[in-house]
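The values are calculated or read from the model by the stated rules, or taken from the named source; none is laboratory data. The structure presented is a predicted model; accordingly, all values stated were derived computationally and were not measured. Virtual Cβ from ideal backbone geometry, glycine too; neighbours counted across all protein chains shown. For accessibility, only protein heavy atoms count, side chains too; no ligands or nucleic acids. Shrake-Rupley method; radii C 1.70, N 1.55, O 1.52, S 1.80 Å.
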2 protein chains.
Amino acid sequence: MVEKYIKEKRRMELIGLEIPVISEDDNLGIEYLADLISSYPLKDGDIVVVAETLISKLERNVIKKEDVKPTPLAYKLAEKLGKSPEVVQVILDQSKEIVKIGNGFIITETKHGFVCANSGVDESNVKDAIKPLPEDPDRSASLLRKMIERKTGKKIGVIISDSMGRPFRRGSCGVAIGVSGVCALWDRRGERDLFNKTLKSTEVAIGDELASAASILMGESNEGIPVVIIRNAPVPFTDGMGKDLIRRKEEDVFRN
Amino acid sequence: MVEKYIKEKRRMELIGLEIPVISEDDNLGIEYLADLISSYPLKDGDIVVVAETLISKLERNVIKKEDVKPTPLAYKLAEKLGKSPEVVQVILDQSKEIVKIGNGFIITETKHGFVCANSGVDESNVKDAIKPLPEDPDRSASLLRKMIERKTGKKIGVIISDSMGRPFRRGSCGVAIGVSGVCALWDRRGERDLFNKTLKSTEVAIGDELASAASILMGESNEGIPVVIIRNAPVPFTDGMGKDLIRRKEEDVFRN
């Protein structure tokens, strides 16, 4: 006879924060964001998730259409994809390999190593520009974390999130493209299950799960929540990086 | 000059619940779980996420090794993969197509349509059996939701979650294999961004994001948290299904 009880074991909280709407024309920087976030009462162990769009805007990592000179390849692909040649040119500039060409999108491997649609380049939530992913999201995460830790004296983690589609399943999910101060890929092999058997093959993409959780509050459109604090997450505060979550081409059965 | 403020706009809470450890030998059922969950003070709009392992155990959807008769193909693959022929036979029985054979794993399309490693079959967190995915996770989610709603009078959503690997990125993430009462795939095309531009291609796998969020508390090993309540998630309570998240083979550039 199995007993019957249910009890709270753990509670995690996500706090969606609104900040002023920032455009790529505002001459701000990561320090501006660090100031804002530091004015919120953070606690030790908080994980601060920031949408990559905000980082790219703060780093002024945006491209004006009139500054792009499309190549003949960009013109050709643009017609096929129904995109502007300038956007396609930026997608190509941001990529190191075209992985697949689909109906209206290109899957590339970006110069960072992310495999995603259109090199992560988009035109949403910027005023009038083409927006690539941040140059080096791990560096931006580390910079932001150190600034906030200096200003607040709290030990925190930072994740820079994007949303990406994936093969086999519909819809996009939050992923961690930059990580600092917290685990990104959690190797749980060797731990025990409920019946004391050893787990064989469990590496958890905890950085992506945290980014997905934050993404529920961030949304995709005009929510105006580019920053989410995750409080009380049972996650190791090791020195993870967004890079840890990239599967290298030679280890990927879907690229060979 | 951009003003400086940061303010809380939305708070979401995840509550990890512990229940007695259940083995596949306990003669229980979904009603047992519905009773337990209903004894927790639920609120309207709560989303109850349940690990698929628990559902398979409650539905006694487990297979004893001695009841499996491996075919010659299972023996051959078992040697190649370093798995037992019985486990490989169950993997094959649960699949409708082998998509890729990797180093120690098979990627299949399961009879439900999920593309995942080893047809989602595993031996973790069961006492001594081979455990396939639930027969029909959408049906189980719907059954559980209706039972809880009847017992509590609250309007809730239910998600049955698993964790799956994916191409291009390392580690596994929570995904929603069964959904009832809440949106699974959220079509946000046509909505506006921060600068009032129309979003072009945003379908959000909100079911998977909720499952990933819950998975942070559930963990993978001996946390003993197979049930997570997500409270105050800004998600439409439409009649989503786990099936909505499956990309059909003919629409998948990585399967053609």
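Observations on the model:
- Screening residue A:134 with (1) open to solvent by 10 Å² or more (accessible area, probe 1.4 Å); (2) within 25 Å of residue A:66 (Cα to Cα) gives one miss only, at (1).
- Against the test of being within 15 Å of residue B:48 (Cβ to Cβ), open to solvent by 10 Å² or more (accessible area, probe 1.4 Å) and not assigned by TED's automatic domain parsing to the domain that holds residue B:67, the options B:172, B:142, B:163 yield a single qualifying residue, B:142.
- Matching residues in the range B:173-186 - criterion: being in a loop (DSSP other than H, G, I, E, B) and either farther than 28 Å from residue B:150 by Cα or out of contact with any strand residue (DSSP E or B) (no Cβ under 8 Å at 6 or more places or on another chain) (or both): B:183
- When restricted to residues that are in contact (Cβ under 8 Å) with a residue 12 or more places away in the chain and farther than 21 Å from residue A:138 by Cα, the range A:232-251 contains 2.
- Given (1) part of a helix (DSSP H, G or I); (2) surrounded by fewer than 24 Cβ atoms within 10 Å (Cβ to Cβ); (3) of a type in the set (Asp, Glu), number of the condition residue B:239 does not satisfy: (1)
- Residues (surrounded by 15 or more Cβ atoms within 10 Å (Cβ to Cβ) and acidic (Asp, Glu)) located in the range A:91-109: A:93, A:109
- Per-region count, the range A:119-129, residues buried (at least 22 other Cβ atoms within 10 Å of the Cβ) and farther than 15 Å from residue A:220 by Cβ: 2
- The range A:96-120, residues that are more than 8 Å from every other protein chain (Cβ to nearest Cβ) and of a type in the set (Lys, Arg): A:96, A:111
- With respect to (1) of a type outside the set (Gly, Ala, Ser); (2) closer than 25 Å to residue B:209 by Cα; (3) away from chain B (no Cβ under 14 Å), the lone exception for residue A:76 is condition (2).
- Qualifying position, being part of a helix (DSSP H, G or I) and under 20 Å from residue B:180 (Cα atoms), among B:42, B:54: B:54
- Residue in the range B:46-67 that is out of contact with any strand residue (DSSP E or B) (no Cβ under 7 Å at 6 or more places or on another chain), farther than 23 Å from residue B:22 by Cβ and in contact (Cβ under 8 Å) with a residue 12 or more places away in the chain present: no
- Residue count, the range A:145-160 (criterion: hydrophobic (A, V, I, L, M, F, W, C) and open to solvent by 10 Å² or more (accessible area, probe 1.4 Å)): 1
- Some residue of the range A:141-154 being within 14 Å of another protein chain (Cβ to nearest Cβ) and of a type in the set (Val, Ile, Thr): yes
- Filter result (modelled with pLDDT under 95 and either of a type in the set (A, V, I, L, M) or not assigned by TED's automatic domain parsing to the domain that holds residue A:226 (or both)) within the range A:20-47: A:21, A:22, A:28
- Condition check for residue B:41: facing chain A (nearest Cβ under 7 Å), surrounded by fewer than 17 Cβ atoms within 10 Å (Cβ to Cβ), under 19 Å from residue A:9 (Cβ atoms) and not polar (S, T, N, Q): no
- Among the residues making up the range B:1-31, those that are within 20 Å of the chain's Cα centre (by Cα) and farther than 16 Å from residue A:10 by Cα are B:21, B:22, B:23, B:24, B:29, B:30, B:31.
- Of the strands (runs of 3 or more DSSP E) lying entirely inside the range B:91-172, those containing at least 1 residues that are over 24 Å from residue A:210 (Cβ atoms) span B:95-101, B:106-110, B:115-117.
- Scanning the range B:155-173 for residues that are at the interface with chain A (Cβ under 7 Å from one of its Cβ atoms) and among the hydrophobic types (A, V, I, L, M, F, W, C) gives B:168, B:173.
- Per-region count, the range A:187-234, residues within 7 Å of chain B (Cβ to nearest Cβ), part of a strand (DSSP E or B) and open to solvent by less than 50 Å² (accessible area, probe 1.4 Å): 2
- Qualifying residue in the range B:64-76 (condition: buried (at least 24 other Cβ atoms within 10 Å of the Cβ) and modelled with pLDDT of 95 or more): no
- Filter pass, residue B:32 being assigned to a helix (DSSP H, G or I) and either among the acidic types (Asp, Glu) or in contact with a Pro (Cβ under 6 Å, 6 or more places away or on another chain) (or both): no
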